[in-house]
1. Determine the percent antiparallel among the DSSP beta bridges restricted to the range 3-209, to the nearest 5.
2. At 1.4 Å probe size, with no ligands or nucleic acids counted, give the accessible surface of residue 48 in Å², nearest ten.
3. So how strong a dipole does the range 71-212 carry about its Cα centre when Lys and Arg Cβ are +1 and Asp and Glu Cβ are -1, to the nearest 20 debye?
4. What accessible area per residue comes out for the chain, rounded to a whole number of Å², with a 1.4 Å probe?
5. So what's the angle, to the nearest 10 degrees on a 0 to 90 scale, between helix 76-85 and the longest Cα principal axis of the chain?
6. Over the range 3-209, what is the relative contact order in percent, taking alpha-carbon pairs closer than 8 angstrom and at least six residues apart?
7. Any idea which of 47, 188, 94 is furthest toward the positive side of the dipole for the chain, if Lys and Arg beta-carbons carry +1 and Asp and Glu beta-carbons -1?
8. Could you tell me the number of lysine pairs in the chain with C-alpha atoms less than 26 Å from each other, where the two lysines are 8 or more residues apart or belong to different chains?
Amino acid sequence: MSAEALLREKLVRMGALLYNRQLAHGSAGNLSVRLEDGSILITPTNSSLGFLEADRIAKITPAGELISGDAPSKEYFFHLAVYDERAAAKAIVHLHSTYSTAVSCLCHEQADDVLPPLTAYHVMRVGKLPLVRYYRPGDRALADEVRAASRNHHSMLLANHGPIVSGATLEEAVHAYEELEETARLYFIIGDRKASPLRAEQIAEINRVFPN
């Protein structure tokens, strides 16, 4: 089986995993991977991540032109923006999972990092989580904002929408996304009770030992 065929099958498996864990619903959300030649496999528009078909996954050029498969997600353009900015990124997960999307709907005094560093694993796998201002679904102007946020972050939160997480592999991006959702869940469980986020020196030590 070719490398591309293996990645198509992996997108199907990971889509079903995320759907069955109730991190994806309906036809919301999209996944992509970048191939060695620079072309991109991305889930089709209006497809459910729980019921993907490997041969129908869209293959597009780095400029967004369709090579094969069904029409790509209408949000393909911000996947391209991340790949343009982050050479190490080989996969992207974008979902509308409940707790993370709830965080994206809140008012935040500072938009540069909208979840507290509650656990070491959040620091290791997610890092700082900037909030990108709201754009309607499909608005191409969002690409510039996503590109700018991608310069220093592999995870971000779209206001009133949901997270974008990139990784060196699809597994890495999925694991980071799951960690983000768990931190958002903890954030709401803790609520107004006094919490003890990691201190700056603890975060610095984690980043030194586990650079990302």
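The values are calculated or read from the model by the stated rules, or taken from the named source; none is laboratory data. Since the model is a prediction, treat every value here as computed from it, not as a measurement. FYI the Cβ positions are ideal-geometry reconstructions off the backbone, even for glycines, and counts take in every protein chain you see. Remember, those area values only see protein heavy atoms, side chains included, never the ligands or the DNA or RNA. Shrake-Rupley method; radii C 1.70, N 1.55, O 1.52, S 1.80 Å.
1. Percentage antiparallel, nearest 5: 90.
2. 30
3. Working: 15 positive and 18 negative charges, 20 e Å.
For the range 71-212, the charge dipole is close to 100 debye.
4. Working: 10660 Å² over 212 residues.
Result: 50 Å² per residue.
5. Tilt of helix 76-85: around 70 degrees.
6. On the way: 381 pairs, mean separation 41.5, N = 207.
With pairs under 8 Å counted, the relative contact order is 20 percent.
7. Most positive-ward Cα: 188.
8. Step by step, the pairs that qualify in the chain add up to 8.
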